[in-house]
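Below: the structure, in structure tokens.
Just so it is clear, none of the values below were taken in a lab; they were calculated from the coordinates. Predicted model only: the values in this text are computed from it and were never measured. All Cβ positions, even for glycine, are placed from backbone atoms using ideal geometry, and neighbour counts span all protein chains on display.
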Amino acid sequence: MNWTQAIDGFGRHLSVERALSPHTARAYLSDVRQLTVHTGSEVAPVQVGPDHVRAWLASLHKRRSPSTLGRKLASVRCFFRWLVREGARQDDPTAGLPMPKLEKRLPRPLSIDDCEQLITRDARTTRRPAPEGGDRDRRSQWMTLRDRAMVELLYGTGIRVGELVALDVRDLELAAREIRVMGKGGKERVVPIPEQARRALGAWVDVRRHPGLLGEPLFISLRARREEKPRRLAAREARRILAERARSADLGEHVHPHRLRHSYATHLLDMGADLREIQELLGHSSLSTTQKYTGVSVEHLRAVYDRAHPRADVPTTERRSRGPVEREEAETSES
């Protein structure tokens with residue numbers, strides 16, 4: 001089996017047997033192809049040994065983060081284990097290679113106020129207004145409704161950006177305030193929609209209403225010509241829209257869809273939601289993945305304690321210098 005045959009077969013395994021998303025499958029295949037570039041085409045897949053893999057990872061050490069190196073090792077490990085199962089190899093050259101030590105980094109959620117500002121702020125208010133009437137004015141109105149519905153849904157449900165852009169209108173149940181989401185590994189789940197998100201989605205769907213709407217993407221790109229068939233919004237466009245709204249709202253931080261997912265989970269946990277319930281809502285297959293949000297809440301509680309408790313290790317002068325609003329917040333936190 002040569003590299004072309006091996007990579008093609010591995011790609012079918014990822015998409016059909018493991019049902020990975022196209023994005024994840026592309027990442028796995030890209031990592032394997034990078035290994036082939038390093039080893040050279042003269043080294044067949046059955047000839048790759050542990051030294052080849054170590055040398056490849058060492059060549060990336062100064063240019064890639066530990067998390068990226070870990071993902072690449074996981075990709076080629078999955079590839080060689082597949083070759084062993086297929087009978088193309090007798091051994092796995094990645095067996096015994098340790099994963100890079102990862103720095104434990106907590107998610108960085110936005111505050112509730114920042115999320116509210118991000119939702120209500122229209123990024124296009126800083127642009128030149130479109131003339132009244134005509135297609136430009138209608139497109140500007142559609143963009144406003146689409147973007148508001150998109151951000152409401154990201155924060156109100158915590159879905160991934162890939163799940164967001166994959167939604168069709170038929171996946172939306174406004175009366176039941178639910179949305180059907182296809183997650184990683186082809187796992188389907190139903191996620192409740194907050195009332196504000198339901199209204200925003202209803203307004204967006206209303207302006208596009210026509211008999212064939214149910215078979216269309218929920219979020220479409222508005223850059224296509226009028227006569228062209230609606231094109232599904234790309235994840236890259238969704239990230240750009242969110243970044244523009246964040247700049248318009250003067251948040252001053254890099255805001256991307258996954259930060260809204262972090263914010264959704266953290267705010268639910270702070271409000272008393274059960275960790276198992278959050279796991280189901282996020283579509284995590286393992287509770288350990290969801291548990292990272294408990295660390296965020298612990299840090300928040302520690303900050304409140306340091307700011308409010310008289311026995312905390314904070315200078316008395318700093319505590320006395322608080323204004324009336326800060327003192328009221330501290331008293332509320334203590335209660």
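Sites listed here are GluC sites (Glu not before Pro) in the range 19-119 whose DSSP assignment is loop and whose Cβ has at most 16 other Cβ atoms within 10 Å: Glu42, Glu103.
With 24 Å as the limit, the listed pairs Lys62/Lys184; Lys187/Lys292; Lys101/Lys292 have Lys62/Lys184 beyond it between alpha carbons. As a calculated quantity, the FRET efficiency between Thr289 and Trp142 at R0 = 30 Å, using C-beta atoms, amounts to about 0.25.
The P(r) of the range 140-197 has a tail past 16 Å containing 40 percent of all C-alpha pairs.
Restricting things to Cα coordinates, could you compute the convex hull volume per residue of the range 37-93 in Å³? Write down the numbers at each step before the final one.
Details: hull volume 4.0 nm³, N = 57.
Expressed per residue, the convex hull around the Cα atoms of the range 37-93 is 71 Å³.
Estimated from the Cβ-Cβ distance and a Förster radius of 25 angstrom, the FRET efficiency linking Arg236 and Glu86 is about 0.10. For the range 57-118, the list of trypsin sites (Lys or Arg not before Pro) that fall in a loop by DSSP and count at most 11 other C-beta atoms within 10 angstrom reads Lys62, Arg63, Lys101, Lys104, Arg105.
What is the gain in length, in nm to one decimal, between Ala176 and Gln5 on full extension, counting 0.36 nm per residue of separation less the C-alpha to C-alpha distance? The partial results should precede the final answer.
Numbers: separation 171, 0.36 × 171 = 61.56 nm, distance 4.81 nm.
Gain in length upon complete extension: 56.7 nm.
Just flag the chymotrypsin sites (Phe, Trp or Tyr not before Pro) in the range 202-274 sitting in loop per DSSP whose Cβ has no more than 15 other Cβ atoms within 10 Å.
On the way: sites: Trp204, Phe219, Tyr264; in loops: Phe219.
Of the chymotrypsin sites (Phe, Trp or Tyr not before Pro), not one in the loops of the range 202-274 has a Cβ with at most 15 other Cβ atoms within 10 Å.
Give me Rg over Rh for the range 166-294, both radii from the alpha carbons and Rh done the Kirkwood way, two decimal places. The Rg/Rh ratio comes out at 0.99.
Inter-label distance, Glu253 to Ala44: 5.4 nm, where each label sits 7 Å from its Cα along the C-beta direction.
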